[in-house]
Amino acid sequence: MPPSAAKSRPNLWLVPSPAPGASASPPPQPEPALDDSELLASVRAGESSAAAAFHDRVRPQVDRTVRRLLGASDPDAEDLAQTAMIELVMTIDRFRGDCSLDSWTSTIAARTVYKHIRRRRTERRAFGVVDPEQLAEARSPVRAGREAMVRNLTGRVLAHLDTIDESKAWTFVLHDVCGYDLREIAEITGVGVAAAQSRLVRGRREIHEHIAADPELADLMRGMEGEP
């Protein structure tokens, strides 16, 4: 080979090609997501990268809680969700892992809604909105009139709830409808566990007395219980 040709030939062999049959290097994998304890530690340490991850982790639970307690169409829902997010960050050092992060998030969000409803108590809208998703769960394709029955029943129960003391009504709804335990309800409503239990017992008794005194409503509820 002439010397000039050797000098002009590109040195392609300087970058070795993979051996025949060998696979190419795998693409870089994304870093695994932090578990909840690691995420909380990062937020507490003030790591900027953890803020967005924390928001993405807890915001869906905040939205579900606000929607469930306040109603999806309430004009204050978005503001309350933002307020709950701020409260979560401000109280993050108080979370000791005694429950799941979702439970703690839901409790803080519910407390935010509870405080807001107490401030606007003159509007009496705490139990005035029925979540469409809850009604959708009750739909039956073989009973065209079931949704109307559920709406009627729910509206009448809410009307009775609105006649009893607000703290007892809230405790009843938080426990028997939303599934919060007494410790969580105490945290939400700002009372001791014993007081929350007392409110639950009295509120439950009063609402059952109201329902028993409304024969049509009692019949509706018995009919719903008997359906598959």
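The values are calculated or read from the model by the stated rules, or taken from the named source; none is laboratory data. The model shown is predicted, which means the values in this text are computed figures rather than measured ones. Glycine gets a Cβ as well: all are built from the backbone with ideal geometry, and neighbour counts include every protein chain shown.
Please find, within the range 93-103, the residue that is farthest from ARG64 (Cα to Cα) out of those that are modelled with pLDDT of 90 or more and assigned to a helix (DSSP H, G or I).
Result: LEU101.
Can you tell me how many residues in the range 45-57 are more than 22 Å from the chain's Cα centre (by Cα) and not in a loop (DSSP other than H, G, I, E, B)?
Kept after step one, since they are more than 22 Å from the chain's Cα centre (by Cα), are these residues of the range 45-57: 45-49.
Imposing the further condition that a residue be not in a loop (DSSP other than H, G, I, E, B) reduces the set to 48-49.
Total meeting the criteria: 2.
For the range 181-192, which residues satisfy the criterion of being assigned to a helix (DSSP H, G or I) and not hydrophobic (A, V, I, L, M, F, W, C)? Give the steps one after another, and end with the answer.
Taking the range 181-192 first, the residues assigned to a helix (DSSP H, G or I) are 182-189.
Result: ARG183, GLU184, GLU187, THR189.
Residues checked against (1) assigned to a helix (DSSP H, G or I); (2) under 30 Å from GLN61 (Cβ atoms); (3) at pLDDT below 70:
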residue	(1), (2), (3)
ALA126	no, yes, yes
GLU133	yes, yes, yes
THR154	yes, yes, yes
LEU158	yes, yes, no
GLY179	no, yes, no
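Any residue at all in the range 28-38 that is at pLDDT 70 or above, closer than 30 Å to VAL173 by Cα and either in contact with a Gly (Cβ under 9 Å, 6 or more places away or on another chain) or crowded, with 17+ Cβ neighbours inside 10 Å (or both)? Give the derivation first.
Taking the range 28-38 as the starting set, the residues that turn out to be at pLDDT 70 or above are 35-38.
With closer than 30 Å to VAL173 by Cα added as a condition, the list becomes 36.
Within this subset, residues satisfying the condition of being either in contact with a Gly (Cβ under 9 Å, 6 or more places away or on another chain) or crowded, with 17+ Cβ neighbours inside 10 Å (or both) are 36.
Checked the range 28-38: at least one residue is at pLDDT 70 or above, closer than 30 Å to VAL173 by Cα and either in contact with a Gly (Cβ under 9 Å, 6 or more places away or on another chain) or crowded, with 17+ Cβ neighbours inside 10 Å (or both).
When the range 58-77 is examined, which residues are found to be among the small types (Gly, Ala, Ser) and in a loop (DSSP other than H, G, I, E, B)? Spell out how you get there, then give the answer.
Taking the range 58-77 and keeping what is among the small types (Gly, Ala, Ser), we get 71-73, 77.
GLY71, ALA72, SER73, listed by residue number.
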